[in-house]
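**Student:** Quick one: this structure, given as structure tokens, is what I'll be asking you about.
The values are calculated or read from the model by the stated rules, or taken from the named source; none is laboratory data. Bear in mind that the values here come from a model prediction, so they are computed numbers and not experimental data. Glycine also receives a Cβ, built like all others from the backbone with ideal geometry; neighbour counts cover every protein chain displayed. Heads up: the accessible areas ignore ligands, DNA and RNA and are worked out on the full protein's heavy atoms, side chains in. Shrake-Rupley method; radii C 1.70, N 1.55, O 1.52, S 1.80 Å.
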Amino acid sequence: MDSTLASDYTNQSPREAVGVRVVKGVIKFSIVVAFVGATTILICNWWVVQNTRNQIYFNLQELPANDVGLVLGTSKFVRTGKENLFFRYRMEATARLWKEGKVKYLILSGNNDSEYYNEPADMQRALIRLGVPSSVMTLDYAGYRTFDSVVRCKDVFNQEKITIISQNFHNARALFIGNHEGIDAIAFSAQDVPDGYSLKTLVREYLARPYAILDVFVLRPQPEKGNWPRR
């Protein structure tokens with residue numbers, strides 16, 4: 001064997017040797033952290049889904065009736081300016097539930113960052129166009145997150161028995177929060193969007209479920225107590 005080639009691997013300086021060990025250690029640590037993180041996310045998602053699967057309904061005829069429906073907000077348009085199908089299908093499902101007598105009153109809960117972005121007002125206008133009277137709607141302007149919407153439904157609007165209305169992936173998280181906040185809730189899943197429509201939304205939901213568990217058991221954030229639109 002060429003002695004020069006062999007010396008390239010064996011005659012490292014102490015500083016170089018330490019550097020190599022540090023790099024290897026960082027790589028190993030990163031792999032372990034990534035593995036533990038991915039496993040934790042998967043376990044949290046499994047827990048949320050298994051904990052709520054019997055509370056979610058897809059068939060309107062099988063859905064028990066409740067006086068109050070909690071409609072979870074989303075933006076009316078996507079960033080490109082096109083219609084948000086999550087919003088459209090959610091509003092259509094809500095109108096169907098009201099017309100079929102599955103809910104009598106609606107709490108429309110969403111984000112209201114400013115006078116230019118108002119999810120509850122957008123939902124109200126859409127539902128009126130679908131034939132739902134404004135008299136049965138209450139607007140929750142401080143539903144900044146799903147946790148806020150669910151907790152405020154009980155703490156601000158005094159409702160402890162509700163039907164949550166959103167897409168299936170979202171309903172599981174909302175129900176999980178409700179179950180641990182003393183709310184008797186079921187959920188109706190609105191029509192889902194086509195496969196591949198919003199991969200970003202699904203990835204975000206996978207990450208949001210572990211965060212919901214932290215909210216419920218550790219962080220215990222305090223939603224706003226008032227309810228007024230930002231102008």
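**Student:** Any chance you could give the angle, 0 to 90 degrees and rounded to 10, that helix 199-214 forms with the longest Cα principal axis of the chain?
**Tutor:** With both axes taken from Cα atoms, the answer is about 90 degrees.
**Student:** Here's a follow-up. What is the sum of charges around Val78, taking Lys and Arg as +1, Asp and Glu as -1, for the other residues whose C-beta is under 12 Å from the C-beta of Val78?
**Tutor:** On the way: positive: Lys76, Arg79, Lys82, Arg88, Lys200; negative: Glu83.
Every neighbour counted, the sum reads +4.
**Student:** May I ask for the angle, rounded to the nearest 10°, between helix 119-129 and the longest principal axis of the chain, with both axes built from Cα atoms and the value confined to 0 to 90°?
**Tutor:** 40 degrees
**Student:** Just from its helices, what would the mean residue ellipticity at 222 nm be for the chain, if runs of 4 or more DSSP H residues each count -39500 (n - 2.57) and the sum is divided by every residue, rounded to the nearest 500 deg cm²/dmol? The partial results should precede the final answer.
**Tutor:** On the way: 7 runs with 111 residues, N = 231.
Here the helix-only value at 222 nm equals -16000 deg cm²/dmol.
**Student:** Is there a quick way to get the dipole size of the chain? I mean about its Cα centre, with the Cβ of Lys and Arg at +1 and of Asp and Glu at -1; what is the value in debye to the nearest 20?
**Tutor:** Charge dipole, the chain, about its Cα centre: 240 debye, nearest 20.
**Student:** Ignoring ligands, DNA and RNA, what accessible area per residue does the chain give at 1.4 Å, in Å²?
**Tutor:** Numbers: 13300 Å² over 231 residues.
I get 58 Å² per residue for this part.
**Student:** Hey, what angle do you get for helix 146-155 against the long axis of the chain, alpha-carbon based, 0 to 90 degrees rounded to 10?
**Tutor:** Tilt of helix 146-155: around 40 degrees.
**Student:** What are the aspartates and glutamates whose alpha-carbon lies under 17 Å from the alpha-carbon of Lys225, with same-chain residues fewer than 8 places away excluded?
**Tutor:** Asp113, Asp140, Asp148, Asp155, Glu160, Glu181
**Student:** For Asn51, what is the net charge nearby, where nearby means another residue's Cβ is under 13 Å from its Cβ and Lys, Arg count +1, Asp, Glu -1? Could you put the intermediate results ahead of the total?
**Tutor:** Values: positive: Arg53, Arg173, Arg209; negative: none.
Around Asn51, the charge tally is +3.
**Student:** What lysines could a cross-link reach from Lys82, if we take a straight Cα to Cα line under 23 Å and drop same-chain neighbours fewer than 8 places away?
**Tutor:** In chain and number order, the partners are Lys200.
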